[in-house]
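Chemist: Just passing along the structure, written as structure tokens.
The values are calculated or read from the model by the stated rules, or taken from the named source; none is laboratory data. Being a predicted model, the structure only gives us computed values, none of them experimental. Cβ placement follows ideal geometry from the backbone for every residue including glycine, while neighbour counts extend to all protein chains displayed.
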Amino acid sequence: MSEIPETASGVVWQSSPPGSIYDYIKVASFSIGPDGLVDQWSRRAAEQFGICAEDVRGKDPVDVFIPSELRPRGHRKVAEILDGKEWTGLVPFRLPGEGGAHGLAEVYVMPSETENGERAALCIVVDVRALRRIETDLAASQAIFGQSPFGFLLFGTDLTVLRANERFATVFGGVAEDHRGRTVYDYLSRPEADRMTAALQRVLETGESVTDLQIVGSAPGSSDRRHWAVNLYRVHSGSGRPVGVAGLGIDVTRRQIAAREAASARRNLALLNEASARIGNSLDLETTARELLDVAVPGFCDLAAVDLYQGLLTGEEAPPGRWGPARPESYGGSAELRRVAFASTVSESLLGGASGAGTPASPQVGAVHHYPFSSACSDALRTARVRAIPGEEGSLVQSTLAVPMVAHDTVVGLVQFSRAKGSEPFGERDRALAVELAARAAVCIDNARLYRREHERALILQRSLLPPGDPEAAGLDIACRYLPGNTATEVGGDWFDVIELPGHRTALVVGDVMGRGLRAAVAMGELRTAVRTLALLDLEPAEVLSALDEIARGLGTPSGAQQASRVAHKSRGPELSEVYLATCVYAVYDPVTRRCTFANAGHLPPVLVEPGEEALMLDVPPGMPLGVGGEPFEEVQVELPEGALLALYTDGLVESRDHPLDEGLSAFRRALTEPARSVPEPRSPHGPAGGPGGGTPDALEGGSRSRSLEDVCDHVLATLDTRHGEDDIALLMARIQGLASEAVGDWRLPREPRSVGRARELARAQLSAWDLDPLVDTVELLVSELVTNALRYGEGEIRLRLLRDRTLVCEVWDAGLVQPRRRRARDTDEGGRGLQLVGLLSAAWGSRRTPRGKTVWFELALPDGDSTAEPSVEQLLSMF
């Protein structure tokens with residue numbers, strides 16, 4: 001019986017609910033009277049043996065149940081029982097309704113007495129098969145329960161522990177019996193116990209099992225956090241009545257650690273992958289440092305900072321952080337650094353009290369500082385090893401990793417990764433990841449440093465090869481602009497030049513070496529030097545470009561042999577030599593005739609703006625770029641009207657990714673012809689050009705009227721798309737201002753001796769008309785020498801020409817092809833000192849070929865109010 005409730009009248013006996021143990025073992029009973037016959041027969045006996053009470057009462061039980069061959073022994077046992085003996089034994093019996101099959105019953109016989117004092121017996125019968133089945137089930141249950149490697153609890157309906165196994169007791173102490181009557185609050189913290197209790201109640205009420213309930217706690221006497229996965233299911237009696245909840249707990253701490261490490265490894269791999277994609281996209285030191293922090297915060301840490309050596313940022317050859325025995329004097333790790341980047345997920349107000357050795361939050365971005373020699377950061381810089389710095393008491397920072405940034409055995413800076421309190425501490429995997437992140441950023445920063453150094457050197461080289469100061473030319477007002485590409489790109493090979501030629505002529509050059517970088521800048525310098533050298537030879541423009549083409553073809557030849565380069569040019573491969581290609585426009589302007597001769601090597605055509613007309617592109621045959629070879633260059637001669645504008649430029653002015661070449665050329669022509677506009681300051685660093693009319697608003701009909709040439713240049717650059725930074729931009733503009741007729745003296749002399757005196761008279765008269773009397777004696781002497789040489793060594797008619805501009809130029813023309821050669825006369829020679837005298841008394845002299853002979857010339861500076869210096873006695877004696 002399961003309940004014995006008390007009432008006012010005493011104890012009331014109630015029937016046991018279904019599911020009693022007797023339902024499993026099937027206990028039956030009957031009694032034997034003094035006569036050895038069945039006296040009473042229970043209902044359970046009727047069910048078990050299949051015989052009702054009417055059929056068995058008053059009969060011999062041995063004859064009813066026991067097989068015939070065992071009946072004699074059965075009668076003896078009954079007689080002994082009636083004599084007062086107890087007996088327990090196994091008795092076979094016939095199973096009802098199973099075709100004569102036999103069962104086996106365990107019978108407990110206890111002697112009894114009737115009311116009259118006669119001896120009788122009470123028999124209790126148990127089905128052995130059901131009993132053995134229960135014993136097997138109990139043994140199996142006990143084996144599983146007791147030998148299970150997992151913790152097992154059985155909770156009653158009141159959620160107290162009814163039973164615990166030895167494994168559970170091993171973890172939580174004592175023996176299994178000690179845990180009976182406890183609750184989950186005796187083992188877990190209140191939050192975890194509340195979760196467990198709620199799960200138990202839900203399983204008990206609904207019957208729905210709970211699997212893999214994650215519970216966190218610790219064993220008694222240990223502070224280690226343990227993780228358990230708990231499975232709960234409701235337990236029922238044989239009749240289906242809930243009797244409790246069974247709980248199976250598995251220690252999954254190692255699994256959690258492994259899962260956490262796997263998640264950490266996946267996170268680290270993802271961070272490294274992100275770092276590969278995001279760090280180093282820019283060749284700027286500060287940008288690369290910020291990219292590192294964008295990856296690290298908050299994916300790896302809560303706050304971080306990057307310090308780079310100040311020497312590295314200022315462009316020194318190498319930072320002071322080279323480590324190892326080769327540099328024992330490397331500043332001890334305490335050299336000046338600059339804070340270039342900082343990132344944090346912690347608010348600045350909270351970081352106010354977190355400035356200390358364990359946090360990178362102290363210096364401001366851009367501040368120059370150094371770490372004390374004894375500090376962990378200084379030690380990390382000195383030894384190139386990671387240093388872990390614990391957070392100070394009261395600081396929000398839990399710990400910091402000071403990681404040196406090492407590239408090619410050189411420490412370029414220091415990065416500090418910090419985690420705030422409450423975050424997971426740094427582990428060995430985190431240290432390895434921090435080193436990897438710092439190393440990747442360090443390589444990118446070192447590459448940026450090397451690029452910056454190369455870029456600055458290339459810029460210095462490039463700008464040193466441009467015309468210094470303000471270019472000046474006779475008969476031309478010149479203005480120029482040069483805009484290098486932005487600092488994030490390599491330098492280009494664009495150049496321009498203004499070269500003074502004999503006879504007040506001027507060579508205008510604009511070129512562009514294909515490619516970028518130091519290679520292009522060096523090639524540009526070589527070509528520009530070659531142009532200047534060829535210009536001094538006074539060659540025709542087409543001849544200059546042909547010679548430049550040969551030079552460009554030989555630039556990439558490893559052997560440097562020009563002849564071998566020319567022979568093998570068409571057959572050589574790119575693996576044997578580099579190919580240097582360039583475009584160039586070479587123009588020679590004569591201010592006397594206002595004629596300009598153009599030759600083009602694959603460059604964009606010049607643009608001309610005549611007075612009162614729209615801008616047009618001159619039809620100059622483009623030719624092949626320099627370095628291609630095999631094709632001749634053509635010349636075009638154009639007579640330029642007074643006041644016209646001539647523009648030479650490179651493709652960066654008219655072409656970019658957003659603007660095709662045709663659109664850029666149209667916009668350039670419109671900018672040259674549209675009405676005048678006020679152009680904002682500041683001007684180009686080149687400043688206004690000098691020379692006649694330089695920077696003055698000379699009249700130019702059409703769109704450029706009343707604008708100085710400097711304003712025209714500024715207006716063009718302001719109108720066009722010149723801020724793309726993709727390529728260098730070179731613009732060379734010239735306003736035509738030919739020499740006035742009164743500044744030119746031109747005479748033809750017959751080929752006879754008296755022409756020498758006539759030449760002196762003409763020169764004297766012209767100089768007097770120009771108020772250049774201090775130069776008369778010198779000019780008469782030198783003109784006499786040149787005309788005499790033309791009579792003696794030349795051919796045909798003699799022509800004398802004087803040109804007055806910023807200097808005085810005298811030219812003597814004849815039809816002879818033999819060029820004069822200066823030599824030192826011997827002491828006994830009566831002649832041979834004329835050209836020595838010309839070289840001594842003039843500022844410059846020379847000769848050049850003409851289509852019909854040659855021209856010998858000399859140049860003198862105009863007097864500045866003082867008499868010209870006479871040659872000294874030593875200078876005159878040097879001729880002998």
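Chemist: Checking the condition modelled with pLDDT under 85, assigned to a helix (DSSP H, G or I) and of a type in the set (G, A, S), which residue from A105, A140 passes? Quick ask: steps written out before the conclusion?
Modeler: Values: A105 fails: assigned to a helix (DSSP H, G or I).
Matching residue, one of A105, A140: A140.
Chemist: I would also like to ask the following. With the structure loaded, tell me whether N268 is in a helix (DSSP H, G or I) and in contact with a Lys or Arg (Cβ under 7 Å, 6 or more places away or on another chain) or whether it fails that test. If you could, list the steps in order and put the result at the bottom.
Modeler: Numbers: in a helix (DSSP H, G or I): yes; in contact with a Lys or Arg (Cβ under 7 Å, 6 or more places away or on another chain): yes.
Against the criterion (in a helix (DSSP H, G or I) and in contact with a Lys or Arg (Cβ under 7 Å, 6 or more places away or on another chain)), N268 qualifies.
Chemist: Can you find, within the range 526-536, the residue that is nearest to G485 (Cα to Cα) among those that are of a type outside the set (K, R), touching a Gly at 6+ places or on another chain (Cβ under 9 Å) and crowded, with 17+ Cβ neighbours inside 10 Å?
Modeler: Our first condition is that a residue be of a type outside the set (K, R); within the range 526-536, this holds for 526-527, 529-531, 533-536.
Filter again for touching a Gly at 6+ places or on another chain (Cβ under 9 Å), leaving 527, 531, 536.
When the remaining residues are screened for being crowded, with 17+ Cβ neighbours inside 10 Å, the result is 527, 531.
On the way: L527: 20, V531: 24 Å.
Once the filter is applied, the top-ranked residue is L527.
Chemist: Starting from residues that are over 23 Å from Y580 (Cα atoms) and in contact (Cβ under 8 Å) with a residue 60 or more places away in the chain, keep the ones in the range 597-609 and report whichever is nearest to the chain's Cα centre (by Cα).
Modeler: That would be V607.
Chemist: Can you tell me which condition D194 does not meet? The list is (1) surrounded by fewer than 13 Cβ atoms within 10 Å (Cβ to Cβ); (2) part of a helix (DSSP H, G or I); (3) of a type in the set (D, E), and all the others hold.
Modeler: Just one mismatch for D194, condition (1).
Chemist: Please pick out the residue among L188, L122, L159, L153 that is touching a Phe, Trp or Tyr at 6+ places or on another chain (Cβ under 7 Å) and either more than 30 Å from A45 (Cα to Cα) or not in a helix (DSSP H, G or I) (or both).
Modeler: L153
Chemist: Something else: Quick one: is A765 at pLDDT 90 or above and more than 30 Å from P605 (Cα to Cα)?
Modeler: Working: at pLDDT 90 or above: yes; more than 30 Å from P605 (Cα to Cα): yes.
Answer is yes for this residue.
Chemist: Can you give me the number of residues within the range 126-177 that are surrounded by 13 or more Cβ atoms within 10 Å (Cβ to Cβ), acidic (D, E) and either touching a Cys at 6+ places or on another chain (Cβ under 7 Å) or without any contact (Cβ under 8 Å) to a residue 60 or more places away in the chain (or both)?
Modeler: Number satisfying all stated conditions: 1.
Chemist: What number goes with the only condition from (1) buried (at least 18 other Cβ atoms within 10 Å of the Cβ); (2) more than 30 Å from G554 (Cβ to Cβ); (3) at pLDDT 90 or above; (4) not hydroxyl-bearing (S, T, Y) that L616 does not pass?
Modeler: (1)
Chemist: Condition first: surrounded by fewer than 15 Cβ atoms within 10 Å (Cβ to Cβ) and within 19 Å of R431 (Cα to Cα). Now tell me which residues in the range 360-387 satisfy that.
Modeler: T383, R385, listed by residue number.
Chemist: Moving on. Taking only pairs six or more apart or across chains, which ones have beta-carbon atoms under 6 Å, a first residue in the range 666-682 that is surrounded by 14 or more Cβ atoms within 10 Å (Cβ to Cβ), and a second residue that is among the hydroxyl-bearing types (S, T, Y) and at pLDDT below 50?
Modeler: A676/S706
Chemist: So, one more: Any idea which of G469, G525 is among the small types (G, A, S), modelled with pLDDT under 90 and not in a helix (DSSP H, G or I)? Give the steps one after another, and end with the answer.
Modeler: Values: G525 fails: not in a helix (DSSP H, G or I).
G469 is the lone residue from the list that is among the small types (G, A, S), modelled with pLDDT under 90 and not in a helix (DSSP H, G or I).
Chemist: Moving on. Taking L204 as meeting all but one of (1) in a loop (DSSP other than H, G, I, E, B); (2) at pLDDT 85 or above, write down the number of the exception.
Modeler: L204 satisfies every listed condition except (1).
Chemist: Which residue, of V779, V756, V787, V712, is among the aliphatic types (A, V, I, L, M), touching a residue at least 12 places away in the same chain (Cβ under 8 Å), in a helix (DSSP H, G or I) and within 26 Å of L608 (Cα to Cα)?
Modeler: Values: V779 fails: within 26 Å of L608 (Cα to Cα); V756 fails: within 26 Å of L608 (Cα to Cα); V787 fails: within 26 Å of L608 (Cα to Cα).
On inspection, the qualifying residue turns out to be V712.
Chemist: Would you mention how many residues in the range 274-288 are in a helix (DSSP H, G or I), of a type in the set (A, V, I, L, M) and closer than 15 Å to F300 by Cβ? It would help to see each step written out before you state the result.
Modeler: Taking the range 274-288 as the starting set, the residues that turn out to be in a helix (DSSP H, G or I) are 274-278, 285-288.
Filter once more, so that each one left must be of a type in the set (A, V, I, L, M): 275, 277, 285.
Okay, now just the ones that are also closer than 15 Å to F300 by Cβ, so 275.
Of the residues in that region, 1 qualify.
Chemist: Is it the case that some residue within the range 117-125 is in the same structural domain as K85 (by TED's automatic domain parsing) and in contact with a Gly (Cβ under 6 Å, 6 or more places away or on another chain)? Write out each step before concluding.
Modeler: Quick first cut of the range 117-125, residues in the same structural domain as K85 (by TED's automatic domain parsing) only: 117-125.
Restricting the remaining residues to those that are in contact with a Gly (Cβ under 6 Å, 6 or more places away or on another chain) gives 120.
Within the range 117-125, one or more residues are in the same structural domain as K85 (by TED's automatic domain parsing) and in contact with a Gly (Cβ under 6 Å, 6 or more places away or on another chain).
Chemist: Output the qualifying pairs, or none if there are none: Cβ atoms under 6 angstrom, residues six or more apart or on different chains, first residue in the range 426-446 and over 18 Å from L293 (Cβ atoms), second residue hydroxyl-bearing (S, T, Y).
Modeler: Partner pairs satisfying both residue conditions: R429/S264.
Chemist: Give the range 229-250 a look and list any residue that's modelled with pLDDT of 85 or more and more than 18 Å from R202 (Cβ to Cβ), or say none.
Modeler: Result: I250, single match.
Chemist: Does any residue in the range 71-95 that is part of a helix (DSSP H, G or I) come within less than 6 Å, Cβ to Cβ, of a residue that is of a type in the set (V, I, T) six or more places away or on a different chain, and which pairs are these?
Modeler: Close Cβ pairs satisfying both conditions: R71/V62; G74/V62; G74/I66; H75/V62; I81/V109.
Chemist: Let me ask something else. Of the conditions (1) modelled with pLDDT under 90; (2) part of a strand (DSSP E or B); (3) of a type in the set (A, V, I, L, M), L401 satisfies every one except a single condition; which number is it?
Modeler: Going through (1) modelled with pLDDT under 90; (2) part of a strand (DSSP E or B); (3) of a type in the set (A, V, I, L, M) one by one, L401 breaks only (1).
Chemist: Go through (1) modelled with pLDDT of 85 or more; (2) not in a loop (DSSP other than H, G, I, E, B) for P863 and report which single condition fails.
Modeler: Failed condition: (2).
Chemist: On to the next question. Does any residue in the range 624-642 that is in the same structural domain as A582 (by TED's automatic domain parsing) come within less than 9 Å, Cβ to Cβ, of a residue that is aromatic (F, W, Y) and assigned to a loop (DSSP other than H, G, I, E, B) six or more places away or on a different chain, and which pairs are these?
Modeler: From residues that are in the same structural domain as A582 (by TED's automatic domain parsing), the pairs are M624/F633; L626/Y580; G627/Y580.
Chemist: Quickly run through the range 2-44 and pick out the residues that are assigned to a strand (DSSP E or B), outside the structural domain of D83 (by TED's automatic domain parsing) and either modelled with pLDDT of 85 or more or among the hydroxyl-bearing types (S, T, Y) (or both).
Modeler: Across the range 2-44, the qualifying residue is only T7.
Chemist: Considering only the range 534-554, I want to know if a residue exists there that is hydroxyl-bearing (S, T, Y), out of contact with any helix residue (DSSP H, G or I) (no Cβ under 7 Å at 6 or more places or on another chain), part of a helix (DSSP H, G or I) and modelled with pLDDT of 80 or more.
Modeler: Yes, the conditions are met somewhere in the range 534-554.
Chemist: Take the range 363-396 and flag every residue that is within 19 Å of L433 (Cβ to Cβ), touching a Leu at 6+ places or on another chain (Cβ under 9 Å) and outside any helix (DSSP H, G or I).
Modeler: Within the range 363-396, the first condition is being within 19 Å of L433 (Cβ to Cβ), and the residues that meet it are 380, 384-389.
Subsequent filtering for residues that are touching a Leu at 6+ places or on another chain (Cβ under 9 Å) retains 380, 386-389.
Answer for the range 363-396, where residues must be within 19 Å of L433 (Cβ to Cβ), touching a Leu at 6+ places or on another chain (Cβ under 9 Å) and outside any helix (DSSP H, G or I): V386, R387, A388, I389.
Chemist: Just to be sure I understand, how many residues within the range 624-640 are within 43 Å of the chain's Cα centre (by Cα) and either assigned to a loop (DSSP other than H, G, I, E, B) or of a type outside the set (A, V, I, L, M, F, W, C) (or both)?
Modeler: Within the range 624-640, the subset within 43 Å of the chain's Cα centre (by Cα) is 624-629.
Filter again for either assigned to a loop (DSSP other than H, G, I, E, B) or of a type outside the set (A, V, I, L, M, F, W, C) (or both), leaving 624-625, 627-629.
Total meeting the criteria: 5.
Chemist: Which of the residues that make up the range 45-61 are over 12 Å from A105 (Cβ atoms) and either part of a strand (DSSP E or B) or out of contact with any Phe, Trp or Tyr (no Cβ under 6 Å at 6 or more places or on another chain) (or both)?
Modeler: First, the residues of the range 45-61 that are over 12 Å from A105 (Cβ atoms): 46-47, 50-60.
Within the range 45-61, A46, E47, G50, I51, C52, E54, D55, G58, K59, D60 meet the criteria.
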